[in-house]
Ligand code: BMA
């Protein structure tokens, strides 16, 4: 009997000691308080101090009205978070207990049972503390004190003899947009912004998994899996690589010595299926479970999803300058997409489904690349998983934007660890195409007049630039070299490589073209200022009115209210919109009409840009507009507003990013009809052109057999201006069709069109389909409803004698229809 019991006990101890297990501390009861104030309130982890204050009704909604202004005191305070949690004897029996913070925002002192166990100073890093010796059976006390990041940053500024642009912001390794941006409010928050947990483990744990692609062709993929393990008990182990789909099991018998070590294994896949980006093929993924065993028991395991693809950045000298394009699986790909900002001012509120739907919106708009902009954060895993699964490539900035940063050893080492943490976390995602050092720091230094503004001496300038080079030309690329296998290691120090005022910005590298908006140049300038890869350009449009209605009182919906003005962060935002609107539209007097026309203005301007970029293929090989999304309800450059509503621009982007596009350019004495084909196959067929008067008379038509090669842009028809003299171009539209690609071209700006009042007919075909028709041209028809319906097409033209079918997500309640004519009262 005694023997039996001992055996049983040994078995229990063994199974406890073999497995790794977790205890999620986020779900414990947490409280928070302002430092030196006794009153404690409930807190939600992960969270931020602003959202906790709001939940406890201690502050009003930070997004509402002009509340932002009265909430600025929060950033100057220190905040304490704490919890009590109990541990059992069996939990404490584990050999190792790690306390893991996936993210602390930002300056945090962590106390465990009264002892300081961590001083954190970087929001982008994860923190791991060995805590077994600090823990006890029964109640344990965990407290995190957040010191004001603004105050800390200000202290840091004093250590330099010169002022860096943006002052305290650049010293603080924290999402830079929290300090306020030209589309975002200033909420310099604090908090345990990601999961916190205890990890119990014994003999060994897997620290990190990565792979490199040794060989990849149609018949074979040769991969090397590299599994970094931390071994506490040396001995025999088995590494299992399990293919989750095919069930194939590969076992590797290893003897591991105590300490940090890597297990490498060559893994072959016959007839591999390649990962392709959206529009060019399937984003095939292979998923594995990698598990470490000892004596038949699982010690630790991790998932690994990979996509087999090659990606190259081609920069070759040519007559004009130097190319800048990506080759995916050997094929040059024109990158179509947008820049992304963090989807909320308060990041813990961003759910996986928010990331998922943003990526889905990108996919629906025929994009194949998103840029994670450097003034925000490295996004959650779910974002990159969604990109992997939807074939969206990622341009990944490191988190630096629009300034110059310190370069002292402490700062550089802190950033180095940030790079290691994030590159290790993200590098296996097939979606990641390029790593980029920063957003506009280089451009700013060379073009924005900081030297004068901050009165730098020669020595100051030399030091600042030296520090810049240390981070972006040395430390980051060297760290990437140490972490990444060659095929994953594409690095670009700064986006853009040259400022938009410089000639080279259009002949090499990438460019942020801001002559439109910032430079007040007309939209048509986009046709002349085409770069090799346009990684930013944009124009503002107001969001859906309902979005603004949620964030201010009805009576504040006007251009003079404080609330309304606070939801526009560009210093001359509304003036600039108006100036452009006057050029192209009859400016509506009615507020609602104005909001609608502001969207049309944005969409129309962006159409000019996108199509000019695409027509210029292969000279230009990328068009990423500024910006896909918002972090709060605001008038901004976004195409999708904070609540996920598509602006007219997103519908336009969808159309202009179609793989096959018919686009007209007015060039000298002609109107040239281009056909752009991003597909990897060529097409032949009939091009049909027709001039139609706005009341439906066919004025002229022609058809022509054409062939368009794969991956090309060509002129398929030239229309001499001379030949159009007999038509009234203010009331004619050029209709073009090739296969199922259609386009309408108008010869005048909207305000120059002689529109007539359309009688628009609406017929519900069934609950999910609407048919729209009109007697005369109905321009920019906008459908809206009381319930939140998604229209798959909106802000569209209805030609006379045409029936447009619109799919809806549900039956619209109180369907409203507006067209441009209605705003021209
Ligand atoms: C770009 C971005 C942002 C900014 C945007 C609009 O240059 O990098 O800094 O929000 O312009 O002004």
- Which condition does residue 754 not pass, out of (1) farther than 21 Å from residue 605 by Cα; (2) in contact (Cβ under 8 Å) with a residue 12 or more places away in the chain, if it passes all the others? (1)
- Taking the stretch 124-148, which residues are in contact (Cβ under 8 Å) with a residue 60 or more places away in the chain, in contact with a strand residue (DSSP E or B) (Cβ under 6 Å, 6 or more places away or on another chain) and within 19 Å of residue 43 (Cα to Cα)? 142, 143, 144, 145, 146, 147
- Those residues that are surrounded by 20 or more Cβ atoms within 10 Å (Cβ to Cβ) and touching a strand residue (DSSP E or B) at 6+ places or on another chain (Cβ under 6 Å), I need them from the stretch 193-204; list them, please. 193, 196, 198, 200, 201, 203, 204
- Query: Is the stretch 213-236 home to any residue that is within 30 Å of residue 634 (Cα to Cα) and either in contact with a helix residue (DSSP H, G or I) (Cβ under 6 Å, 6 or more places away or on another chain) or in a strand (DSSP E or B) (or both)?
  - Reply: no
- Answer yes or no: is there a residue in the stretch 149-158 that is surrounded by fewer than 16 Cβ atoms within 10 Å (Cβ to Cβ) and in a strand (DSSP E or B). no
- Note on the structure: Of the residues in the stretch 766-825 that are out of contact with any strand residue (DSSP E or B) (no Cβ under 8 Å at 6 or more places or on another chain) and free of Cβ contacts under 8 Å to residues at least 24 places away in the same chain, the one that is farthest from residue 641 (Cα to Cα) is 766
- Where in the stretch 95-142 are the strands (runs of 3 or more DSSP E), entirely inside, with at least 1 residues that are surrounded by fewer than 15 Cβ atoms within 10 Å (Cβ to Cβ)? 115-121, 127-130
- Item | Whichever residue in the stretch 510-528 is away from the ligand (no atom under 15 Å from the Cβ) and crowded, with 21+ Cβ neighbours inside 10 Å and, among such residues, is farthest from residue 63 (Cα to Cα) | 526
- Task: Kindly check whether there is at least one residue in the stretch 742-758 that is touching a helix residue (DSSP H, G or I) at 6+ places or on another chain (Cβ under 6 Å) and part of a strand (DSSP E or B).
- Result: no
- Task: Within the stretch 275-323, track down each residue that is outside any strand (DSSP E or B), loosely packed, with under 15 Cβ neighbours inside 10 Å and out of contact with any strand residue (DSSP E or B) (no Cβ under 7 Å at 6 or more places or on another chain).
- Result: 282, 295, 296, 318, 319, 320
- Please work out if residue 580 is within 16 Å of the ligand (Cβ to nearest atom), crowded, with 19+ Cβ neighbours inside 10 Å and either at pLDDT 95 or above or closer than 30 Å to residue 730 by Cβ (or both). yes
- Task: Name the residue, out of 675, 692, 628, that is more than 20 Å from residue 367 (Cα to Cα), buried (at least 20 other Cβ atoms within 10 Å of the Cβ) and modelled with pLDDT of 95 or more.
- Result: 692
- Query: Does residue 637 count as in contact (Cβ under 8 Å) with a residue 60 or more places away in the chain and within 16 Å of the ligand (Cβ to nearest atom)?
  - Reply: yes
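Would you mention how many residues in the stretch 478-509 are in a loop (DSSP other than H, G, I, E, B), closer than 18 Å to residue 612 by Cβ and more than 15 Å from the ligand (Cβ to nearest atom)?
Of the residues in the stretch 478-509, 1 are in a loop (DSSP other than H, G, I, E, B), closer than 18 Å to residue 612 by Cβ and more than 15 Å from the ligand (Cβ to nearest atom).
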- Taking only the stretch 532-554 into account, find how many residues are more than 21 Å from residue 652 (Cα to Cα) and crowded, with 20+ Cβ neighbours inside 10 Å. 4
- Does residue 467 fit the bill of being in a helix (DSSP H, G or I), closer than 21 Å to residue 408 by Cβ and within 16 Å of the ligand (Cβ to nearest atom)? no
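The rows are residues; the columns are (1) loosely packed, with under 13 Cβ neighbours inside 10 Å; (2) more than 19 Å from residue 196 (Cα to Cα).
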residue: 30; (1), (2): no, no
residue: 42; (1), (2): yes, no
residue: 51; (1), (2): no, no
residue: 57; (1), (2): yes, yes
residue: 62; (1), (2): no, yes
residue: 74; (1), (2): no, yes
- Message: With the structure loaded, tell me whether residue 207 is touching a helix residue (DSSP H, G or I) at 6+ places or on another chain (Cβ under 9 Å) and surrounded by fewer than 21 Cβ atoms within 10 Å (Cβ to Cβ) or whether it fails that test.
- Response: yes
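The values are calculated or read from the model by the stated rules, or taken from the named source; none is laboratory data. Note that the structure is a prediction, hence the values are computed from the model and not measured. As a convention, Cβ positions derive from the backbone with ideal geometry for all residues, glycine included, and neighbour counts pool all protein chains shown.
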